[in-house]
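All remarks here apply to the structure that follows.
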Amino acid sequence: MNALGRHVIVELYDCKPSLLDDVIYVQNAMQNAAQEAGATIINLTFHHFSPYGVSGVVVIQESHLAIHTWPEWGFASIDLFTCGESTDPWKCYNVLKEAFSASHGSTIEMRRGQLELLKKNNYKPSSISQNSNVSVQNKQSVFNAKNQENTISREIWFTERDENLALSLKHKGDSLFKKQSQFQKVEVFDTFAFGKALVLDGLVVATQKDEAAYHEMLVHPAFTFYKKNISSSESKKAGIKVLIIGGGDGGTAREVLRYDFVEKVVMIEQDEIVTQAAQSHFESLASALENPKLELIFSEANQFLNSYSKDDKKQTFDIIIVDAADTIQEPILDKLFFKKLYNLLDDNGVLATQCDAPRWHQERFVSIINSLKDTFLFNQNNKTVLPYLSAVASLPTGMWGFACASKNQTIFIEQNQDFTSDFYKDLFYYNQEIHSAAFCLPNFIKNLL
């Protein structure tokens, strides 16, 4: 062909968007294309980006195949670079055009390393010079034997990102769970660093390795403050009632139901598919979802609260836990929302809520805290709202914000709660020292607030 390599630049149009946004499908399509062209695959590396799009490269002995997709445009840009006469890049093109259901494509082929412009030198790597007694034929035999022994190296990545921040997790290359609910896309990946990861609309919300650092810190500080408000004996006699907003993966309910004096838990989860994913792939997270003390209701939070508030027989709750998140499209954690919860709290009641990442979504974090302060009548002499932090490595920036709010009593970090029981020894993250330290805020957060 009078050149060292052939470079075919491909643009595919009107592709099926869902195929372009499926990193595992894209990886398989590129692998099939390389094999169909007769290439020897060395390595596959693919990234899925949040909210959508895939980038990847197939390193072949004859050079490489690379792709980047724009699902929102139904467009894929592909480079096919092969060396030698045995590999045909046009076979790759035909496979990929069909795989992505493209209506049409445009291509251009270039010769790379035109021989009439090159002059061969006498360069030999030192390893060959030092082993000159080994015949070329023997070396090729050794190379082929090693290739047969080794499997193809695959690197498949999920990347959560916005315009300023990204978190990439390498996973094992298979989608364990993938369903599009009426609210969001729900996925589960098996990652190398964090175990199984639950991903909602491209955002990591829980991983096996560190979900307890989130769920324990959302739940147990509120119980510690509540038990300080009333005596332990009174709490056991009362049989307290707990309301959970969100928490469809089951982690919050699991922590709440560790307390044997909890009589009833009502959990309001918007998306049943999230619960299905947890029950299928997160045994620890979902362990409490079948507990007879738990009443699980699938409903949008405000819809449930509006309906519940009109019920003449409605009950109040001793503790309310908010394990739901604001979104840019639908902010719910505002003063109106917290006022509805305030009205459902018992006189000695305590509310706990997640407050997003103070380093990542500062405005959202501050807005939630201020909404709580407005609702729970926070002032210099009556500190009924306390923000606090936990370290959750798999969530953006590794720092996550929470807050506890008491309906009628000032809450203090100092308390006489006994942390020596076996109950606390069984926890992953929360203990007496963590309880005290979590409420020590760095200056930048104090300044934000």
Candidates THR82, THR45, filtered to the one that is closer than 24 Å to VAL188 by Cα, of a type in the set (Val, Ile, Thr) and either buried (at least 16 other Cβ atoms within 10 Å of the Cβ) or out of contact with any helix residue (DSSP H, G or I) (no Cβ under 7 Å at 6 or more places or on another chain) (or both): THR45
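Let's see how each residue does on (1) open to solvent by 30 Å² or more (accessible area, probe 1.4 Å); (2) aliphatic (A, V, I, L, M); (3) at pLDDT 95 or above; (4) within 27 Å of the chain's Cα centre (by Cα):
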residue: LEU203; (1), (2), (3), (4): yes, yes, no, yes
residue: MET217; (1), (2), (3), (4): no, yes, yes, yes
residue: THR252; (1), (2), (3), (4): no, no, yes, yes
residue: LYS264; (1), (2), (3), (4): yes, no, yes, no
residue: ASP271; (1), (2), (3), (4): no, no, yes, yes
residue: SER284; (1), (2), (3), (4): yes, no, no, yes
residue: ASN291; (1), (2), (3), (4): yes, no, yes, yes
Scan segment 97-105 and give yes if some residue there is of a type outside the set (A, V, I, L, M) and free of Cβ contacts under 8 Å to residues at least 60 places away in the same chain, otherwise no. yes
Scanning segment 31-42 for residues that are open to solvent by less than 30 Å² (accessible area, probe 1.4 Å) and either of a type in the set (Ser, Thr, Tyr) or more than 11 Å from ARG154 (Cβ to Cβ) (or both) gives ALA33, ALA34, ALA37, ALA39
Can you find, within segment 48-76, the residue that is most open to solvent (accessible area, probe 1.4 Å) among those that are touching a residue at least 40 places away in the same chain (Cβ under 8 Å), under 24 Å from LEU167 (Cα atoms) and part of a strand (DSSP E or B)? TRP70
If we scan segment 352-372, do we find a residue that is of a type in the set (Lys, Arg), part of a helix (DSSP H, G or I), surrounded by fewer than 17 Cβ atoms within 10 Å (Cβ to Cβ) and free of Cβ contacts under 8 Å to residues at least 60 places away in the same chain? no
Qualifying position, being of a type outside the set (Val, Ile, Thr), at pLDDT 90 or above and on the phi > 0 side of the Ramachandran plot, among ASP346, ASP323, ASP356: ASP356
Suppose we filter LEU333, LEU305, LEU296 for residues that are in a loop (DSSP other than H, G, I, E, B) and either in contact (Cβ under 8 Å) with a residue 24 or more places away in the chain or touching a strand residue (DSSP E or B) at 6+ places or on another chain (Cβ under 8 Å) (or both); which single one remains? LEU333
Only unsatisfied item for LEU427, checking (1) at pLDDT 90 or above; (2) out of contact with any strand residue (DSSP E or B) (no Cβ under 9 Å at 6 or more places or on another chain); (3) open to solvent by less than 60 Å² (accessible area, probe 1.4 Å); (4) part of a helix (DSSP H, G or I), is (4)
Identify, by number, the condition in (1) farther than 27 Å from VAL256 by Cα; (2) buried (at least 20 other Cβ atoms within 10 Å of the Cβ); (3) touching a helix residue (DSSP H, G or I) at 6+ places or on another chain (Cβ under 7 Å) that LEU167 doesn't meet. (2)
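The values are calculated or read from the model by the stated rules, or taken from the named source; none is laboratory data. Here the structure is a predicted model, which is why all the values come from computation and not from measurement. In this analysis, Cβ positions are derived from the backbone assuming ideal geometry, glycine residues included, and neighbour counts consider all displayed protein chains. With ligands, DNA and RNA removed, areas are computed over all heavy atoms of the protein, side chains included. Shrake-Rupley method; radii C 1.70, N 1.55, O 1.52, S 1.80 Å.
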